[in-house]
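S.K.: Quick one: the structure is below, questions incoming.
Values quoted throughout were computed directly from the atomic coordinates according to the rules given, and no laboratory measurement underlies them. The shown structure was predicted, so the numbers you read here are calculated from the model rather than taken from an experiment. Cβ sites come from the backbone with ideal geometry, for glycine too, and all protein chains shown count toward neighbours.
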Amino acid sequence: MAVVNPFICTRPNQSVAHRIAALPYDVYSREEAKQEILKEPLSFLRIDRAETNFSDDVSTYDAKVYMKARELLQEMIEQGNLVVDNEECYYVYELVMDGRSQTGIVACASIEDYLDNVIKKHENTREDKELDRICHVDVCNAQTGPIFLAYRSREEINAVVNEAKTDEPLYYFTSDDGIGHHVWRISDKKSIAAIQNAFSEISEIYIADGHHRSASAVKVGLQRRKENPGYTGKEKFNFFLSVLFPHDQLKILPYNRAVRDLNGLTKEQFLDRVKEYFEINEFGVTPYSPTEKASFGMYLDGTWYRLRAKEAITDNDDPVESLDVSILQNYLLNPILGIKDPRVDKRIDFIGGIRGLKELERRVSEDMNVAFSMYPTSITELFEVSDAGKLMPPKSTWFEPKLRSGLFIHSLS
């Protein structure tokens, strides 16, 4: 059963929370992060992307980059921009986007639950990306970016959360991208016990976003266990910072694809090959966003098409093979366009649905040849893949809105 604990939180001073809160470190290139920090010097990106404090010839993975992150974190605490609460609490974090609200509990999940598969994964991780966050967490002695977890909604948890939201919020601001961020603290013992007890009856929690951050936090914890052979399991390094959301409040956007060339085929040859597996309808200049599973938009040579997978393809009960991202990969991207491994092939790019269909048109006009708009993977599909112990293809889900870094920090000592 899941262990989900309150914790002593390091968090922004109320007056500067809106300035410190930053999108996750991995949504920016180095140059983009640098520009964000120029616009807002208090942005937590200064710590999450500490290489921005150095000239471009200094590697992102240089030891002094992580030492700089630690130094800046301590500096923000000493200056009072970050404060440390004096008791273990849960926090309620509501994000509002386009009038839609999702509310999660900020807490610490157990690395034991991760190892025992109570916390379930659906993606592979890359060693280089893991190593970066391992160094960041270890040197800073803190987890600075929460893991986005999901669980099947439970009324007893919803009741405690809704009660907490009637109190005065700690933070209540709208970020530059129009997302509302609202935070409340849960400190009373009765509510804390209710949340802990409710999660102790839950046997599956799912990583929605943050596989690299969670894997890194777990590896730091395991390393510290080795360094402290008398550990009890209650030390802070046995837990990692998370925000846990009920599944029925989450929205997954499509993760669209674009390919640089037609693999040596003419347009006519390409369309003929596509017809082997898909029904094609031409939509002209009207952008097409799929409205049902096994349906795809395709933008080619200034024209939009609707592709519908033929029934022989869709008659599949496997939770991975039946995903739309798998259908497109297995019956078009691989056999026709020659994209055998989308993780490493430089001819394919992935475009978050938040950017819209105009972004697909722009990319095709500039550096790509064909683009595909996807029907979004559902949270139920994510659960089914995770429950089966399988992995999704890369770039299967795009969650919005994104959690902010810097609002909640979990110190490891």
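S.K.: Need the list of lysines near Lys190 for cross-linking: C-alpha distance under 19 angstrom, and skip anything on the same chain fewer than eight residues off.
M.R.: Partners within reach: Lys165.
S.K.: Shape call for the stretch 333-382 from the C-alpha gyration tensor, a ≥ b ≥ c root eigenvalues: rounded (a/c under 1.5), prolate (a/b greater than b/c) or oblate? Show your work: numbers first, answer last.
M.R.: On the way: a/c = 2.16, a/b = 1.10, b/c = 1.96.
Oblate.
S.K.: So which GluC sites (Glu not before Pro) in the stretch 310-413 are both in a DSSP loop and have at most 15 other Cβ atoms within 10 Å of their Cβ? Working shown, then result.
M.R.: Numbers: sites: Glu311, Glu321, Glu359, Glu361, Glu366, Glu381, Glu384; in loops: Glu321.
Loop-located and lightly packed - Glu321.
S.K.: Still on this model: Could you state the number of Å between the C-alpha centres of the stretch 347-413 and the stretch 266-308?
M.R.: One Cα centre to the other: 21 Å.
S.K.: Could I ask something else about it? State, to one decimal in nm, how far the label point of Leu38 lies from the label point of Phe173, with both points 7 Å from Cα in the Cβ direction.
M.R.: For the pair Leu38/Phe173, the computed spacing is 2.2 nm.
S.K.: With only alpha-carbon atoms counted, please give the Rg and Dmax of the stretch 1-146, in Å.
M.R.: Cα only, the stretch 1-146: 16.5, 48 Å (Rg, Dmax).
S.K.: With all distinct Cα pairs included, what does the Kirkwood hydrodynamic radius of the chain come out to in Å, to one decimal, could you say?
M.R.: Numbers: mean 1/r = 0.0439 Å⁻¹.
Here the Kirkwood hydrodynamic radius works out to 22.8 Å.
S.K.: Report, to one decimal in Å, the Kirkwood hydrodynamic radius for the stretch 255-375 based on all distinct Cα pairs. Don't skip to the end; give the middle numbers.
M.R.: On the way: mean 1/r = 0.0701 Å⁻¹.
For the stretch 255-375, the Kirkwood estimate is 14.3 Å.
S.K.: Further, regarding this structure: Compute the separation of the alpha-carbon centres of the stretch 182-214 and the stretch 80-101 and state it in Å as a whole number.
M.R.: Comparing the Cα centres of the stretch 182-214 and the stretch 80-101, I get a distance of 13 Å.
S.K.: Which lysines does Lys275 reach when only Cα atoms under 16 Å apart count, and residues fewer than 8 places away in its own chain are ignored?
M.R.: Partners within reach: Lys267, Lys310.
S.K.: Can you pick out the pairs among Lys120/Lys219; Lys251/Lys402; Lys39/Lys251; Lys189/Lys402 whose Cα atoms lie more than 20 Å from each other?
M.R.: On the way: Lys120/Lys219 16 Å; Lys251/Lys402 11 Å; Lys39/Lys251 30 Å; Lys189/Lys402 30 Å.
Result: Lys39/Lys251; Lys189/Lys402 exceed 20 Å.
S.K.: Continuing with the same structure: Considering only DSSP states other than H, G, I, E and B, which trypsin sites (Lys or Arg not before Pro) in the stretch 260-352 qualify as loop sites with at most 12 other Cβ atoms within 10 Å? Please report the intermediate quantities before stating the final value.
M.R.: Working: sites: Arg260, Lys267, Arg273, Lys275, Lys293, Arg306, Arg308, Lys310, Lys340, Arg343, Lys346, Arg347; in loops: Arg260, Lys275, Lys293, Lys310, Lys340, Arg343, Lys346, Arg347.
Here the sparse-neighbourhood loop sites are Lys275, Lys340, Arg343, Lys346.
S.K.: Further question on the same structure: Over the stretch 85-166, what relative contact order in percent results from Cα pairs under 8 Å that are six or more residues apart?
M.R.: Values: 30 pairs, mean separation 18.2, N = 82.
For the stretch 85-166, the relative contact order is 22 percent.
S.K.: Still on this structure, please answer the following. What percent does the relative contact order of the stretch 239-351 come to when contacts are Cα pairs within less than 8 Å and at least six residues apart?
M.R.: 29 percent.
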